[in-house]
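K.L.:
Let me give you the structure first, and then I'll get to my questions.
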Amino acid sequence: MKVSYNKLWKLLVDKKMSKADLRKAVEIAPNTMTRLRKDEEVSMSVLLKIATYLDCDISDICEFVKEEV
């Protein structure tokens, strides 16, 4: 299983926010934002900050997808 943040990027488009706007608003480190862009795992506290700021559930910003064999 791997994590996907496609839901987050779609939500940002819907809210007319850039990734940079989100990073500054939630005060995420640049390297953490890079991990999000690369669909790598980030800490639960980062996901909670983002979900709280966007007023949504964690499941609205990320999902686990099966890796094809």
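The values are calculated or read from the model by the stated rules, or taken from the named source; none is laboratory data. In this text the structure is predicted, and so the values were computed from the model without any measurement. As a convention, Cβ positions derive from the backbone with ideal geometry for all residues, glycine included, and neighbour counts pool all protein chains shown. The area values use the complete protein model at the heavy-atom level, side chains included, leaving out ligands, DNA and RNA. Shrake-Rupley method; radii C 1.70, N 1.55, O 1.52, S 1.80 Å.
K.L.:
When the accessible area of the chain is computed with all protein chains present and a 1.4 Å probe, what percentage of it is carbon and sulfur?
P.N.:
Details: 2420 of 4860 Å².
Result for the chain: 50 percent of the exposed heavy-atom area is carbon or sulfur.
K.L.:
Let me ask you something else. Excluding ligands, DNA and RNA, what is the solvent-accessible area per residue of the chain at a probe of 1.4 Å, expressed in Å²?
P.N.:
70
K.L.:
Starting from the Cα of L48, step 7 Å toward the Cβ, then list every residue of the stretch 1-33 with an amide N under 18 Å from that point.
P.N.:
From the stretch 1-33, the list is 26-29.
K.L.:
T34 label point, 7 Å along Cα→Cβ, cut-off 19 Å on backbone N: hits in the stretch 1-17?
P.N.:
Only 5 pass the distance filter.
K.L.:
How far apart, in nanometres, would the label points at K24 and K2 be if each is projected 7 angstrom from Cα along the Cα-to-Cβ direction?
P.N.:
Those two pseudo-labels are separated by 3.1 nm.
K.L.:
Can you tell me which lysines have their Cα less than 24 Å from the Cα of K66? Leave out same-chain residues fewer than eight positions away.
P.N.:
The qualifying lysines are K2, K7, K10, K38.
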